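Notes for the one structure printed next.
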Amino acid sequence: MNFCCTVESGFLYRNTKSTFYIFLECIRMFVYLICTYHIIFNMGIAYILVHFNIIKYWAIVITARISEKWIIKFINGIIEFDMKLFLFNSSTPVKLYSKSKTFWIFIFASFVLYFLCCQYFLIKCFGRTIKDLSEYLTVVFHSPDIIIFTVMFTSLYYLTNLGYRFCELNRLWKCLPFGLLALPGGWTNSEITMLVERIRLLHAELSELLRLFSLGYGPVLLVYFTFTFTHTLIETFLFTIYKDSLKNNIFPYIFYLQHIFNMISIIYVTSWVIEKKKKIISHLRLVRISKMTIHTKLQIKIFMNQISMYEPNEITAFGFFNIDFKLTMSILVLLITAISTMLQMKNHPWILYLKNAWLDTVYKMQNNKY
């Protein structure tokens, strides 16, 4: 989010009237541009991955700005959903579980520690010292990527919150009497019908939030998966072509595993959310509508039609592909195909020129002449 996004009355909105927030945002973008300038015009070919990370950084930032309106709608939609959900407290206690603040602080602290350790050992491996701003920025934009962690962290945060809200709706359904039939001294037929209707409406609202997530975070995830896949290809290619200069360096392989871990983490959590969304179907199929009252029977039929209508509302990368376990196999097939194609081109004149330039630059760096 940019500095113009503020909170008022519990909701998030973009405040363009205050010149102070616009001024802060302009300063931040100016700093980004200065950093980009130093990297592009002062670094050599040995920093090809850093240059790639700069492009990836700007692509994600610009995409996030373009889809900012949908992201704000999605966040406000979750806030409105919680307000409606807690109306159940008058009849059925609501227990909305979520990851604790301590858990997210621990994740953030773990990444900071991992980032600092990786940067320290990278400097030690290449044996160079930070002499100017450009050298420092190569540390900032080298793997592990701060922008990639930000995308993964925010995506997992909102996806887990969506999943836990689907879990709460499933738990509320289990609070209903068996077979949705009224019993003496318990739920009445009107109360059962009313609770089923509320669960149905909230389930529809959550399904709509999945669509907003695909519109808001979908473009960001599309850029994220595209650049992460490309980054994995580049690193695999470099490890294969320049394996002589990297034979004593295990960190490229750690970063390679990091890319895989990041993508699988998002895919796993996304599949978990969709599973919790569809779990209500099993509850509906276990109900015998023949013994219900006409009003409850009508709500069940509407619920089933509603689920079929919202079935296409999967979590997608802006409609280009669904983010689920099938995507893992697709990425693996594309990765193997691309790597095999690049290996066949390793004796191409342009590839040999790139290899010689890389080795020459690395040699100068190791002798502190770069």
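The values are calculated or read from the model by the stated rules, or taken from the named source; none is laboratory data. Everything quoted here is computed from the prediction, not taken from an experiment. Cβ: placed from backbone, ideal geometry, glycine included. Neighbour counts: every protein chain shown. Please note that ligands, DNA and RNA were not included when accessible areas were found on the heavy atoms of the full protein model with its side chains. Shrake-Rupley method; radii C 1.70, N 1.55, O 1.52, S 1.80 Å.
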Quiz item: Is one or more of the residues making up the stretch 2-24 under 21 Å from the mean Cα position of the chain (by Cα) and either assigned to a helix (DSSP H, G or I) or of a type in the set (S, T, N, Q) (or both)?
Solution: yes
Exercise. Give the residues of the stretch 286-342 that are hydrophobic (A, V, I, L, M, F, W, C) and at positive phi, sorted by residue number.
Key: PHE318
Quiz item: Out of all the residues in the stretch 291-313, which are in a loop (DSSP other than H, G, I, E, B) and surrounded by fewer than 18 Cβ atoms within 10 Å (Cβ to Cβ)?
Solution: THR293, TYR310, GLU311, PRO312
Quiz item: Hey, does the stretch 41-63 have a residue that's in a helix (DSSP H, G or I), within 30 Å of ARG200 (Cα to Cα), out of contact with any Lys or Arg (no Cβ under 6 Å at 6 or more places or on another chain) and open to solvent by less than 30 Å² (accessible area, probe 1.4 Å)?
Solution: no
Exercise. Show the residue pairs that are 6+ apart or on different chains and have beta-carbon atoms under 6 Å apart, the first residue being within the stretch 186-200 and touching a residue at least 40 places away in the same chain (Cβ under 8 Å), the second being open to solvent by less than 70 Å² (accessible area, probe 1.4 Å) and not in a helix (DSSP H, G or I).
Key: ASN189/ALA182; ASN189/THR293
Practice problem: List every residue pair whose Cβ atoms sit under 6 Å apart, with the two residues 6 or more apart in sequence or on different chains, where the first one lies in the stretch 205-221 and is in contact (Cβ under 8 Å) with a residue 60 or more places away in the chain and among the polar types (S, T, N, Q) and the second, anywhere, is open to solvent by 10 Å² or more (accessible area, probe 1.4 Å) and outside any helix (DSSP H, G or I). | Solution: SER207/TYR310; SER207/ASN313; SER214/THR316
Practice problem: Please verify whether the stretch 316-339 includes one or more residues that are over 30 Å from THR150 (Cα atoms), buried (at least 17 other Cβ atoms within 10 Å of the Cβ) and within 26 Å of the chain's Cα centre (by Cα). | Solution: no
Exercise. Give me the pairs, please: first residue somewhere in the stretch 326-355 and closer than 24 Å to ILE274 by Cβ, second residue anywhere and not in a helix (DSSP H, G or I), beta-carbon distance under 8 Å, and either six or more positions apart or on two chains.
Key: LEU327/PHE321; SER330/PHE321
Quiz item: Which fully enclosed helices (runs of 4 or more DSSP H) of the stretch 89-190 have 2 or more residues being open to solvent by less than 70 Å² (accessible area, probe 1.4 Å), modelled with pLDDT under 70 and not hydrophobic (A, V, I, L, M, F, W, C)?
Solution: 133-141
Quiz prompt | Among (1) among the hydrophobic types (A, V, I, L, M, F, W, C); (2) modelled with pLDDT of 80 or more; (3) under 30 Å from LEU96 (Cα atoms), the one test that MET1 misses | solution = (2)
Exercise. Could you please find all residues in the stretch 327-349 being in contact with a helix residue (DSSP H, G or I) (Cβ under 9 Å, 6 or more places away or on another chain) and of a type outside the set (A, V, I, L, M)?
Key: THR328, LYS346
